[in-house]
Amino acid sequence: MVGRDREGGVSEVVGTILMVAMVVILAAIAGSMVFGMELLPEEPKTAVVTATRSGDVITFVNHGGMNMDRASEIRCWIGGVGGANDNFTLDARAGATETYTSKEAVRVVVVGRFVDNESWIVLDKAL
(Lines give C-alpha, C1' and ligand atoms only; values in the text may rest on other atoms or scores of the structure.)
Protein backbone atom coordinates (compact mmCIF):
# COMPACT_ATOMS: atom_id res chain seq x y z
CA MET A 1 0.00 0.00 0.00
CA VAL A 2 2.93 2.31 0.40
CA GLY A 3 3.52 4.37 -2.69
CA ARG A 4 0.06 3.92 -4.21
CA ASP A 5 -1.74 7.02 -5.30
CA ARG A 6 -5.46 6.92 -4.54
CA GLU A 7 -7.91 9.57 -5.56
CA GLY A 8 -11.14 9.92 -3.61
CA GLY A 9 -14.52 10.45 -5.22
CA VAL A 10 -17.01 8.65 -7.40
CA SER A 11 -15.94 6.57 -10.35
CA GLU A 12 -16.80 7.75 -13.86
CA VAL A 13 -19.32 4.92 -14.38
CA VAL A 14 -21.29 5.73 -11.22
CA GLY A 15 -21.20 9.45 -12.04
CA THR A 16 -22.57 8.80 -15.54
CA ILE A 17 -25.40 6.62 -14.19
CA LEU A 18 -26.39 9.32 -11.70
CA MET A 19 -26.39 12.00 -14.41
CA VAL A 20 -28.60 9.87 -16.70
CA ALA A 21 -31.04 9.24 -13.82
CA MET A 22 -31.25 12.98 -13.10
CA VAL A 23 -31.96 13.78 -16.77
CA VAL A 24 -34.73 11.14 -16.92
CA ILE A 25 -36.39 12.50 -13.76
CA LEU A 26 -36.25 16.10 -15.01
CA ALA A 27 -37.64 15.03 -18.41
CA ALA A 28 -40.57 13.26 -16.69
CA ILE A 29 -41.41 16.34 -14.64
CA ALA A 30 -41.17 18.65 -17.66
CA GLY A 31 -43.29 16.25 -19.75
CA SER A 32 -46.05 16.12 -17.14
CA MET A 33 -46.18 19.93 -17.07
CA VAL A 34 -46.20 20.29 -20.85
CA PHE A 35 -48.87 17.66 -21.49
CA GLY A 36 -51.13 18.93 -18.69
CA MET A 37 -51.11 15.91 -16.45
CA GLU A 38 -52.03 16.88 -12.93
CA LEU A 39 -49.69 15.77 -10.20
CA LEU A 40 -52.36 16.08 -7.49
CA PRO A 41 -56.03 15.06 -7.78
CA GLU A 42 -58.74 17.73 -7.74
CA GLU A 43 -60.24 18.56 -4.38
CA PRO A 44 -63.72 17.17 -3.73
CA LYS A 45 -66.65 19.53 -4.10
CA THR A 46 -68.20 20.80 -0.87
CA ALA A 47 -71.99 21.12 -0.63
CA VAL A 48 -74.01 20.52 2.52
CA VAL A 49 -77.50 18.99 2.35
CA THR A 50 -79.24 17.33 5.31
CA ALA A 51 -82.24 15.02 5.48
CA THR A 52 -84.19 14.60 8.72
CA ARG A 53 -87.29 12.59 9.53
CA SER A 54 -90.20 13.66 11.72
CA GLY A 55 -92.94 11.03 11.69
CA ASP A 56 -93.73 10.26 8.05
CA VAL A 57 -92.20 13.50 6.69
CA ILE A 58 -88.59 13.65 5.44
CA THR A 59 -87.24 17.19 5.15
CA PHE A 60 -84.28 18.00 2.89
CA VAL A 61 -82.43 21.25 3.60
CA ASN A 62 -79.68 22.83 1.48
CA HIS A 63 -77.22 24.52 3.85
CA GLY A 64 -74.93 25.81 1.10
CA GLY A 65 -71.23 25.07 1.06
CA MET A 66 -67.98 26.22 -0.44
CA ASN A 67 -68.83 25.05 -3.98
CA MET A 68 -72.59 25.63 -4.00
CA ASP A 69 -72.19 28.52 -6.45
CA ARG A 70 -70.83 25.96 -8.96
CA ALA A 71 -73.70 23.49 -8.48
CA SER A 72 -75.94 23.11 -11.53
CA GLU A 73 -78.33 20.59 -9.95
CA ILE A 74 -79.00 18.88 -6.62
CA ARG A 75 -81.08 15.72 -7.02
CA CYS A 76 -82.62 13.86 -4.07
CA TRP A 77 -83.35 10.15 -4.53
CA ILE A 78 -85.67 8.09 -2.35
CA GLY A 79 -84.72 4.41 -2.11
CA GLY A 80 -81.31 4.90 -3.73
CA VAL A 81 -80.14 6.13 -7.12
CA GLY A 82 -82.03 4.43 -9.93
CA GLY A 83 -84.58 5.09 -12.63
CA ALA A 84 -87.41 3.29 -10.83
CA ASN A 85 -87.00 5.26 -7.58
CA ASP A 86 -88.68 8.58 -6.76
CA ASN A 87 -86.46 11.63 -7.12
CA PHE A 88 -86.77 15.39 -7.23
CA THR A 89 -84.56 18.44 -7.62
CA LEU A 90 -83.64 20.54 -4.59
CA ASP A 91 -83.01 24.22 -5.28
CA ALA A 92 -79.27 25.02 -5.29
CA ARG A 93 -79.77 28.12 -3.13
CA ALA A 94 -78.72 27.92 0.51
CA GLY A 95 -81.75 27.58 2.76
CA ALA A 96 -83.90 25.78 0.17
CA THR A 97 -86.09 22.97 1.57
CA GLU A 98 -88.20 20.16 0.14
CA THR A 99 -90.27 17.48 1.89
CA TYR A 100 -91.15 13.91 1.03
CA THR A 101 -93.68 11.67 2.79
CA SER A 102 -92.93 8.00 3.47
CA LYS A 103 -94.48 5.69 6.03
CA GLU A 104 -91.62 3.19 5.86
CA ALA A 105 -87.88 3.49 6.43
CA VAL A 106 -86.08 4.50 3.24
CA ARG A 107 -82.60 5.17 1.98
CA VAL A 108 -82.07 8.74 0.75
CA VAL A 109 -79.25 9.74 -1.57
CA VAL A 110 -78.48 13.34 -2.55
CA VAL A 111 -76.27 13.88 -5.60
CA GLY A 112 -74.83 17.25 -6.59
CA ARG A 113 -73.95 17.90 -10.23
CA PHE A 114 -71.55 20.77 -10.83
CA VAL A 115 -70.87 23.05 -13.81
CA ASP A 116 -67.82 20.99 -14.83
CA ASN A 117 -70.26 18.03 -15.25
CA GLU A 118 -68.86 16.15 -12.25
CA SER A 119 -71.30 14.47 -9.87
CA TRP A 120 -70.64 13.97 -6.16
CA ILE A 121 -72.69 12.13 -3.57
CA VAL A 122 -73.50 14.73 -0.95
CA LEU A 123 -75.59 12.55 1.37
CA ASP A 124 -76.37 8.83 1.63
CA LYS A 125 -78.26 7.59 4.68
CA ALA A 126 -81.24 5.53 5.85
CA LEU A 127 -84.15 7.30 7.51
Keeping all protein chains in place, calculate the accessible area per residue for the stretch 48-127 (probe 1.4 angstrom), answer in Å². 56 Å²
Estimated Rh, the stretch 66-127: Kirkwood, alpha-carbon pairs, angstrom: 12.2 Å
If I compute percent of Cα pairs over 18 Å apart from the structure I just sent, which labelled value in (1) 66; (2) 54; (3) 81 lines up? (1)
Quick one: pull the percent of accessible area on the stretch 71-112 belonging to carbon and sulfur, 1.4 Å probe, ligands and nucleic acids left out. 45 percent
In what sequence, highest mean first, do 19-28, 94-103 appear when ranked by Cβ atoms within 10 angstrom? 94-103, 19-28
Summing +1 for each Lys or Arg and -1 for each Asp or Glu, what net charge is found among the other residues whose Cβ lies under 13 Å from the Cβ of R93? -4
From the backbone phi of the stretch 119-127, what are the Karplus-calculated ³J(HN,Hα) couplings (6.51 cos²θ - 1.76 cosθ + 1.60, θ = phi - 60°) in whole Hz, Gly and Pro given as x? 10, 10, 6, 8, 8, 8, 7, 9, 10
State, to one decimal in nm, how far the label point of A28 lies from the label point of S72, with both points 7 Å from Cα in the Cβ direction. 3.6 nm
Relative to the chain, whose Cα atoms define the longest principal axis, helix 12-34 and its Cα axis are tilted in degrees, nearest 10, by 30 degrees
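The values are calculated or read from the model by the stated rules, or taken from the named source; none is laboratory data. Quick caveat, the model's predicted, so the values are computed rather than measured. Here Cβ is always computed from backbone atoms with ideal geometry, including for glycine, and neighbour counts include all displayed protein chains. Each accessible area value is taken on the protein alone, full model and side chains, heavy atoms only, with ligands, DNA and RNA left out. Shrake-Rupley method; radii C 1.70, N 1.55, O 1.52, S 1.80 Å.
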